[in-house]
Amino acid sequence: MSYCPNKLLSKLRNLVPIGFAYTISATSSSSSDSSIPNRTTVHKTKLCIIGSGPAAHTAAIYAARADLNPILFEGWMANDVAPGGQLTTTTDVDNFPGFPDGVIGAELMDRCRTQSQRFGTNVITETVSKVEFSKRPFRVFTDSRIVEAESVIVATGAVAKRLRFNGSDGFWNRGISACAVCDGAAPIFRNRPLAVIGGGDSAMEEANFLTKYGSKVYIIHRRDQFRASKIMQAKVISNPKIEVLWNSAVEEAYGDDKNVRVVGGVKVKNVMTGNVSDLKVSGLFFAIGHEPATKFLDGQIELDSDGYIVTKPGTTKTSVEGVFAAGDVQDKKYRQAITAAGTGCMAALDAEHYLQENGLKTC
């Protein structure tokens, strides 16, 4: 008795209930689906969430409580960041509601992960390598498995760009940061000289913000003019607590005289003359932009000129119906844990509504 392996494979897929997994051994050379490698585990779900930060886990909590049985890919050192996202690189988080004494970033994300799993989220520690949004169900790929999902939430975040120089890694979170709003109010920075590296609007905003806490703020910029908007430049130039070091770049960060484990100053090189000077500061903030984690999408949904996902105003809907975006991957303005969590909630509700409208919630 003859049979067609491709038709049999299709029938087997349709027999698998949502939320279950099966394994395919694609040994037939006649298989029409070359995207499925040998011994690949395939999951079927109503909702797949890609990400591991506040947006992803808030979406997972809401989705799981709505009986969507979400699968969440938290990644494994995706973008060189541990599962939990940017907060895992932060020590004290003092501006997240509910923690009057503050909380360690990694602990906060561990709590979010535990809460997601409590309601039934299937958390998988694998990195998504590609997606397929051109047909339904959507497909999400890692090296060893595929998720076939009726809807997808992309919450992969954006990584702060960092400069590399002697001491830049050793003093990370010990006086060097990439978020003035997150860390600027910390006691180690209060009433002390601080420095910001950058020349765009973000650098101007961070420098002005830091004047609330620091005794003086230096802006270190390797060119002789800013690329920031004129209004932002005017605010900086008119602020008596800010001094600009033009044509300058940081060569090295070194420890404090009393505590060598925290930043005590930086060596600054004038790129025009080559002269190196010593600048005593207790904090150094990178403000050279962020890179949204959207390369794996391979242009399948609309992005803006900076690579951020474009969402329809007032929603988390993307250019592909059934695909939603939350957190910093679609937010280049606020970039806070609490705003990311808020959009994660929105994305879960938008996804639930989409599934309900299309008769997919109970399938």
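The values are calculated or read from the model by the stated rules, or taken from the named source; none is laboratory data. Here the structure is a predicted model, which means the values were calculated and not measured. Counting neighbours? That spans all protein chains shown, and the Cβs are built from the backbone with ideal geometry, glycine included. Side chains included, ligands, DNA and RNA excluded: accessible areas come from the protein's heavy atoms. Shrake-Rupley method; radii C 1.70, N 1.55, O 1.52, S 1.80 Å.
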All positions within region 53-102 that are surrounded by fewer than 24 Cβ atoms within 10 Å (Cβ to Cβ), touching a helix residue (DSSP H, G or I) at 6+ places or on another chain (Cβ under 6 Å) and not in a loop (DSSP other than H, G, I, E, B): Ile61, Tyr62, Thr88, Val93
Condition first: closer than 19 Å to Leu87 by Cβ, open to solvent by 20 Å² or more (accessible area, probe 1.4 Å) and of a type outside the set (D, E, K, R). Now tell me which residues in region 305-352 satisfy that. Gln330, Tyr334, Gln336, Ala337, Ile338, Thr339, Gly342, Thr343, Cys345
Out of the strands (runs of 3 or more DSSP E) lying entirely within region 266-326, which hold 1 or more residues that are touching a strand residue (DSSP E or B) at 6+ places or on another chain (Cβ under 8 Å) and among the β-branched types (Val, Ile, Thr)? 276-279, 323-325
Which of the residues spanning region 205-238 are more than 26 Å from Met272 (Cα to Cα), open to solvent by less than 40 Å² (accessible area, probe 1.4 Å) and not in a helix (DSSP H, G or I)? Thr211, Gly214
Trp76 fails exactly one of (1) touching a His at 6+ places or on another chain (Cβ under 8 Å); (2) closer than 30 Å to Ala351 by Cα, namely (1)
Note: among Gly274, Gly307, Gly289, just one is modelled with pLDDT of 95 or more and under 19 Å from Ser202 (Cβ atoms), namely Gly307
Tally the residues that are in contact with an Asp or Glu (Cβ under 7 Å, 6 or more places away or on another chain), part of a helix (DSSP H, G or I) and aliphatic (A, V, I, L, M), restricting the search to region 332-363. 2
Could you please let me know if Arg261 is outside any strand (DSSP E or B) and in contact (Cβ under 8 Å) with a residue 60 or more places away in the chain? yes
State whether one or more residues within region 219-238 are over 14 Å from Met204 (Cβ atoms) and within 28 Å of the chain's Cα centre (by Cα). yes
Scan region 123-147 residue by residue and report those that are more than 20 Å from the chain's Cα centre (by Cα) and touching a residue at least 24 places away in the same chain (Cβ under 8 Å). Glu132, Phe133, Ser134, Arg136, Pro137, Phe138, Arg139, Ser144, Arg145, Ile146, Val147
Could you go through region 269-291 and let me know if any residue there is farther than 30 Å from Val244 by Cα and open to solvent by 50 Å² or more (accessible area, probe 1.4 Å). no
Between Ala158, Ala78, which is small (Gly, Ala, Ser), at pLDDT below 95 and touching a strand residue (DSSP E or B) at 6+ places or on another chain (Cβ under 9 Å)? Ala158
